Amino acid sequence: DSGVTQTPKHLITATGQRVTLRCSPRSGDLSVYWYQQSLDQGLQFLIQYYNGEERAKGNILERFSAQQFPDLHSELNLSSLELGDSALYFCASSVGGTSGGGTQYFGPGTRLLVL
Amino acid sequence: DAKTTQPPSMDCAEGRAANLPCNHSTISGNEYVYWYRQIHSQGPQYIIHGLKNNETNEMASLIITEDRKSSTLILPHATLRDTAVYYCIVKWGNTGNQFYFGTGTSLTVIP
């Protein structure tokens, strides 16, 4: 158990819908990261938040957004869903948020299926 | 951005040492090498990391070459539960701390 929790574990929805994925970091960790893993793309970094502020952006679509709240939990919002958004979504957390290091601990993931 | 190159797959006999290589020839001086593994579709599991010196923990050993352009993860006594995809990672990007996972090495431990 990494100490990172994600809800829900599974999510089934229809195209065009909007969903929210939730992540609670390990106690004491200030950074939260979101990754997407699809069959044909592997693990792709989406976005990082550090202590409530966006720190880095990766391959995140404009239809996707995220935020980190004062209690440090984070939510990833996916809107106008398409079939291709079906994937595993992982959240990770680390103590720090800047370059130079920082072990990331991953949650169990949310499996999203868009029908 | 430092990227890594790993063989796509490897086999290892149960009880033997598994040696997983990784090339990271563009790594910069202050970038750590991290190793993670992913079993089936579970969340990636942290194994070990290092900067310059060799490192050992209860899971594995990490050997980094002197020029830091490559490294080897060693699982000293592989078990069936070590069958997984192993990722060698260096930090990617100029800000933050995002990881570039690449395609990893699929290790199969054979009974």
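The values are calculated or read from the model by the stated rules, or taken from the named source; none is laboratory data. Fair warning: this is a prediction, and the values are worked out from it, not measured in the lab. Cβ placement follows ideal geometry from the backbone for every residue including glycine, while neighbour counts extend to all protein chains displayed. These accessible areas exclude ligands, DNA and RNA; they are computed on the full protein's heavy atoms, side chains included. Shrake-Rupley method; radii C 1.70, N 1.55, O 1.52, S 1.80 Å.
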Q: Just report the Cα centroid separation between segment A:57-114 and segment A:1-31, whole Å.
A: 8 Å
Q) Carbon-plus-sulfur fraction of the accessible area of chain A, 1.4 Å probe, in percent? A) 48 percent
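Going down the list B:Lys3/B:Lys91; B:Lys3/B:Lys52; A:Lys57/B:Lys69; A:Lys9/B:Lys3; B:Lys69/B:Lys91, which pairs span over 19 Å between their C-alpha atoms? Working shown, then result.
Details: B:Lys3/B:Lys91 8 Å; B:Lys3/B:Lys52 17 Å; A:Lys57/B:Lys69 27 Å; A:Lys9/B:Lys3 31 Å; B:Lys69/B:Lys91 14 Å.
Beyond 19 Å: A:Lys57/B:Lys69; A:Lys9/B:Lys3.
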Q. So how exposed is A:Lys9, as accessible area in Å² (1.4 Å probe, rounded to 10)?
A. 140 Å²
Q: Could you list the square roots of 5 times each eigenvalue of the Cα gyration tensor of the protein assembly as shown, that is, the equivalent ellipsoid semi-axes, sorted largest first and rounded to whole Å?
A: 30, 20, 15
Q: With viscosity set to 0.890 mPa s and temperature to 25 °C, compute the Stokes-Einstein D of chain A, Rh being the Kirkwood radius across alpha carbon pairs; µm²/s, no decimals.
A: 176 µm²/s
Q) Efficiency by 1/(1 + (r/R0)^6): what FRET value for B:Ala17 and A:His10, r their Cβ-Cβ distance, R0 = 35 Å, to the nearest 0.05? A) 0.40
Q) What is the antiparallel percent of DSSP beta bridges lying wholly in chain B, to the nearest 5? A) 85 percent
**Q.** Prolate/oblate/rounded call for segment B:1-104, Cα gyration tensor, a/c under 1.5 rounded
**A.** prolate
Q: Averaging sequence separations of C-alpha pairs under 8 Å and six or more residues apart, then dividing by the length of chain A, give the relative contact order as a whole percent.
A: 37 percent
Q.
Given R₀ = 35 Å, what would the calculated FRET efficiency be for A:Arg63 paired with B:His40, taking r from the Cβ atoms and rounding to 0.05?
A. 0.80
